[in-house]
Structures are given as structure tokens and as C-alpha cells.
Amino acid sequence: MRHYDLIVAGTGFASTFFLYKYLQKAPANAKVLVLERGHLYPHADRLRDLRGEKSGLSKLNPNHGETFVNKNPDKHWPFTVGFGGSSNCWYGCTPRFLPSDFRMKSKYGVAEDWPIQYDELEPYYSEAEHLMNISGPEDTPFPRNSKYPLPPHSFSTVDKVLHKAYGNQWISQPTARASRAVGKRNPCCVSASCSVCPVSAKFTIENSEMIVYTDPRVEMSYGSLVTYLELEQTQAKKIYFTKDGKDTAFSADVFALGTNAIFNASILLNSGDAHPLTGKGLGEQFGFDAVVHLKDMENVGGSTWVTANGYMLYDGDHRKNFAACLMESNNAPYVRLESGKWRHLATFRMIFEDLPQEENQVARGEDRNKPEVSFNKPSDYTLRGVRNLKEKLPSLLSVLPVEDIRYLEPYKTEAHILGTTRMHADSRKGVLDKNLLHHIYRNLFVLGSGSFTTFTPNNPTLTLSALSLHAADKSF
Amino acid sequence: MKRRKFLTIAGIGGVVAALASFRFITNPFENVAKGIIKSELDYLKLDEEGLDRFVADYSKLKDRNYKLTMKGYSLFGINSEKSGKVHQLVSAYLLSSDFFQNKMDEGRTIRYVGLYDPYLRPCAHPFSHAQYA
């Protein structure tokens, strides 16, 4: 049986940033195996398919919907299978969390505190932002010890008014949609089709210049579906996977699961993970659009898809009672169908934090490779936050010439999968410790946003990438 | 109500319902879409031939369920105020035309230039920094 120093499952953000740091610290003769369920479906071929030119590769990887059983069809859990994981479908929003997001229990008496705090993560936030060449502003509501690598995107006319009124509570959104050409990426030109960026402005694992998967110490195995781990007392011993219809097992000193919060949990459950919280607490944010008609004011000039983030209803003592809301100023090419008022409107996406609820979960399915995913509804804490927003928004937007505000139906997803292997300092209250090591199996890392202790309103990718850098830096 | 009057009203109602159903089934989506766009933008001058090409191109992107839904909306007079799908259709037409290139000049005839598709024509957002520096 082949033996490795490290075996990693998955090639998305969580695995890539973990490996990046690990390889900086590992000896020249380290042996690493990466198991990727899918294959590389290059960006150029994705574009070809979207133009209708048929690359022949569109069926290379399974559609995400075929890979699990969704018990609630009104709730969606999108992701991308294949090399680079969901870097191939994310929209590139990278705000940091606020320091208080990590202290929900001690500050607001809600849910639990994270075992890691903002100050400890700050250098890794900075490193992740530099690796992704994030565009962002000088002044932000969260503290930073370094500047963003790229200048901020341009505000729209509406954002300028809101920024003037609210200062660093209304900022140019920190984003991995480049504001200038950098490396293999072009500047964003507001195509607003970010899942597959038409001009390759968005950071992906494929266009990154992080030398990870071509490092001579790393052996890649594509088409390798991890099924379970052999767990023995406090250690993971072997990893089992299926490739070309054949089951194979390899051993390693250390394992890292970096698939996603559905499949990391599923692999652990298939392995007989003894922790009672594994798979429990699945969740994400809750969001909807507010469409605001403006009198005699054009909303123009923004240089990316989401031009700004608003924090006016985010942090404060209200979080003792109801959820924080992060606002996004959405600059898609919306049109108002009224003579002379074609762009007299603004669309804001309102994104609310949620709390983990144990009945929302990933469980073993009849087919061990197709986990069952159950989600009931957002918490009352979140829905109270929605009511607060609807009360406060007219006053907050009174700096604009508002004609009317209309709320659209909630989205079926915010496209994030969180919380199935949550971190906690107390091994009874969480599956992982602050270094993403399993509390029971001490050579097993479980990476990614499944580790999130609570579900802040922010997009998770930057934070999960920083957590991977931190975990590898502190552990090797 | 006398029996004869009731039967007359019921008969007329039946004929109207049958005609509406017949029209619902036989009227092609392209005609329905064209009708919706013309009704929503009745204060603008639209190039008829270009509008025909737009609805033909747009129709190729849409499935049967979408087309049936839009036929239903048309039958019951549901407009862009009440339906996101209707709003999206009319917006797609305008974005696929020269209307925004001509700075929303409502006096000019609007001509179709090709489906608004960021994969065929990236960087074409009519309200972005490129147009409004």
C-alpha cells in the first residue's frame, strides 16, 4: 500500500490555500497526494460552451445536483465539481468578517464564540487577499494591517451619495474581480455573469499563480471519489476512494478533507465519525433584493457587478435580538421600463446572518456517495432581522430621492454551504479545533466553511481561505 | 333567470373560453412575445423586422414551460409591473437593441443589434463606468 506524508481531498479554495502554506513549510522530499473527484474543465472551454461552440467537455464533471439528495427542493445548494471546485462558479465577493463576528456568544449572548479570533486571523486574511489580488478601498469597517493589492472599484452615482452619508459603513466592495489587469486576469468590465467570467477578471484556482498542483512533491489523481476514511481511536489511518470503477486505499501521516461542507461531512459519516455533531447545523445566509425607484437620479458609473457593501444594519447591540444585515449594491444591467427613467433605480441585495440549527443537516444516504441534505428554514433570529430591515430601510435611504421600495421574493440560495463540522474550543460543542483539526482524530484536518461556528452575513471564501493558511501554518 | 337566458349566457361563455383556449394553444410564442414588447413599449418606435429577429433568437433560448407561462401572462394581461419574467423579456429586448448606444433617445427607431449575451459581447453593460466615466 502506498504511503504519503499528506493526502488531500479536493482542489477548491480550502485545499489549495492549505496546500500552499503546507508546501512552503514541508521538506523537499515530502510526498503529497491530491484526490480530485472531477477533472480540469478549462475556463477557455467553459467559455466555448457558453458561446454555443461545444468544447466536448461540458459533461466531463457531474452536475452538482446529481451528487446528493436534496430533501427540500425549495432550498438550493449550488457548487461546482471538478478541478478548482467552486472557484469556477463563485462571484468573487471577499469582505472580511468583523471582529465581533467571532464573539457572538460573549458579545451578544447568541450561539457560540469561534475558537479563533479576528486578531489571530488578520495576517492570514492579508496573505489570502494578496494571493487573490483583491481590489478594495483604504477605509473599511474591519481593521487591516495591510493595503489591498489592487485599487477599489468605482462607485456608481448612488453609491457615492451613500458613501458620503455613511462613510466607511458604505464601501467599495472588496472583491476578487480585478479592478486592473493583474497576472493572467483582465480588469472586470461589468459583464455581471461572474460564475464563468467572460473576460477572466475573477480569481480562480485555475488562473491563480499559486504553484501548488504542479509542485514536484504533489501527485494528482483525477476522477478519484473519496468514500471514507479508516478511523482508529485518535487517528485516521487510510483513505478509501473509487477511481475508474476500482476501490483503492492509501495510508498517510496526515489527511485533509477539502471537498465542501456537504461532502466533508458525508465522508466523515461514512467513516463512522464518533462526534455527535458531525453533519449537524448545515446552513447559510438568507437574502433578497430591494428594488428602489429613484426620482430624477440615474444610477450609473459602477465598474463591477457588486459595487458596494453597506454595514449600517450589520453590527451593534441589536444582534442580541436579531440578525446582522450586510447590503450589496447590485450593478447588474437592470432597466426601469418607464419613459425617461430607464436607470432611475437601484437594486440592493440584503443578506442576513443565520444561526446553526441541528435539524438542518447532512446525513448518510442509501447510496453512500449521495448524502441526504435536509434544511427546514432560516431561524427566527434571522427573520426578526428581516423585519428590522423593512422598518429601517426607508429612513436609511432618505439621503436618496426614493420614489418607492419594493422587496422581491427571497433567493433560494446565497450559494454558500456552512456549518456541518463546526469549530469550537470545547470538544463537546464542536467537531474541530481552531486549527481545523478534528477534536477526536488528531491527524485529520477538515477544511472549508463547514468549520464556521456561526454564519455571519459575509461571503465565506476569503475567511475559509485564511483559515486554511492559518491551520497549515500553525500545524507544520 | 329563465332557463333559455341561462343557456344563452353559458353558451356564449363556453364559446369565448373555447376561442381563448384555441388562441392560447395555437398562437406561437414569438407572436406573444412580440405583442408583449409592443404593448410595454407602445410609446417607442420599434423596427418591426428587427423585433421579429429578436423574438426568434430569444425563443431558441427558452423552454416549453417558459413559453407556456408567457402565453398565460399575455392571455391574462399580466404586465412587467406584476411579473419579473415579462420585465426580463422587455429588458432583454432593449439591451439587445441600439437604444442605449443612442443614449436612450426615445425619438429614434429602435433597431435590434443581436442578443444581449456577455459571452458573445462582453463589456456591453450600458450603465457601467465605461459609458459614464
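What follows is calculated from the coordinates using simple rules that are stated; it is not laboratory data. Since the model is a prediction, treat every value here as computed from it, not as a measurement. All Cβ positions, glycine included, derive from the backbone under ideal geometry; neighbour counts span all protein chains shown.
The angle between the Cα long axis of helix A:118-131 and the main principal axis of chain A comes to about 90°, on a 0 to 90 degree scale. To the nearest ten degrees, helix A:157-166 and the longest principal axis of the Cα atoms of chain A are 90 degrees apart.
Expressed as a fraction of 2.2 N^0.38 Å, the value expected for a compact globular protein of N residues, the C-alpha radius of gyration of segment A:251-362 is 1.60.
With runs of 4+ DSSP H residues as the only contributors, calculate the mean residue ellipticity of chain A at 222 nm using -39,500 (n - 2.57) per run, divided by the residue total and rounded to the nearest 500.
It lands at -6000 deg cm²/dmol.
Per-residue Karplus couplings for segment A:88-99, computed as 6.51 cos²θ - 1.76 cosθ + 1.60 with θ equal to phi - 60°, are listed in order as 7, 10, 6, 9, x, 8, 10, x, 6, 6, 8, x Hz, Gly and Pro entered as x. Go through B:S80, A:P198, A:P141 and say which Cα lies farthest out towards the positive end of the charge dipole of the protein assembly as shown; charges sit on Cβ, +1 for Lys and Arg, -1 for Asp and Glu. Checked the options; the winner is B:S80.
Under the √(5λ) rule applied to the eigenvalues of the Cα gyration tensor, what semi-axes describe the equivalent ellipsoid of the protein assembly as shown? Give them in Å, descending. Working shown, then result.
On the way: eigenvalues 401, 160, 130 Å².
Semi-axes, largest first: 45, 28, 25 Å.
Note on segment B:28-133: with charges restricted to the Cβ of Lys and Arg (+1) and Asp and Glu (-1), its dipole about the Cα centre is near 300 debye. With contacts taken as Cα pairs under 8 Å at a separation of at least 6 residues, chain A carries a relative contact order of 23 percent.
Taking every residue in A:329-336, how many Cβ atoms of other protein chains lie within 10 Å of its Cβ, on average? Write down the numbers at each step before the final one.
Values: counts 0, 0, 4, 2, 12, 4, 14, 3.
Shielding by partners across A:329-336 averages 5.
Nearest 10 degrees, 0 to 90: what angle lies between the long axis of helix B:84-95 and the longest principal axis of chain B (Cα atoms)? Once rounded, the angle reads 40 degrees.
How big is the Kirkwood radius of segment A:282-425, worked out from every pair of different alpha carbons and given in Å to one decimal? Walk me through the numbers before you get to the answer.
Numbers: mean 1/r = 0.0582 Å⁻¹.
Hydrodynamic radius (Kirkwood, Cα pairs) of segment A:282-425 is 17.2 Å.
Among the listed pairs A:K25/A:K107; A:K75/A:K184; B:K5/B:K71; A:K59/A:K246, give every one whose C-alpha distance is greater than 27 Å. Beyond 27 Å between Cα atoms: A:K25/A:K107; A:K75/A:K184; B:K5/B:K71.
If you rank A:T456, B:T109 by fewest surrounding Cβ atoms within 10 Å, what's the result? Could you put the intermediate results ahead of the total?
Details: A:T456 28, B:T109 15.
Ranked by crowding around the Cβ, least crowded first: B:T109, A:T456.
Annotation: the residues A:D74, A:D315, sorted from fewest to most other C-beta atoms within 10 Å of their own C-beta, follow the order A:D74, A:D315.
Just need the relative contact order of segment B:28-133 here, percent rounded to a whole number, with Cα pairs under 8 Å and 6+ apart.
On the way: 95 pairs, mean separation 35.5, N = 106.
It comes to 33 percent, rounded to a whole number.
The distance from the alpha carbon centre of segment A:325-370 to that of segment A:26-70 is 25 Å, rounded to a whole number. The string of couplings for segment B:73-78 from the Karplus curve (6.51, -1.76, 1.60, θ = phi - 60°) is 4, 5, 4, 9, x, 7 Hz, one whole number per residue in order, with x for Gly and Pro.
Which distance in Å, rounded to a whole number, links the C-alpha centroids of segment A:262-302 and segment A:161-236? Distance between centres, Cα-based: 17 Å.
The Cys residues in chain A with no partner Cys Cβ within less than 4.7 Å of their Cβ are A:C89, A:C93, A:C188, A:C194, A:C197, A:C325.
Take A:K280, A:K474 and order them by how many other Cβ atoms sit within 10 Å, fewest up front. List each step's numbers first, then the result.
Details: A:K280 21, A:K474 15.
Ranking A:K280, A:K474 by Cβ neighbours within 10 Å, fewest first, gives A:K474, A:K280.
Per the Kirkwood formula applied to alpha carbons, segment B:28-133 shows a radius of gyration over Rh ratio, Rg over Rh, of 0.97. For chain A, the antiparallel share of DSSP beta bridges with both residues in that region comes to about 70%.
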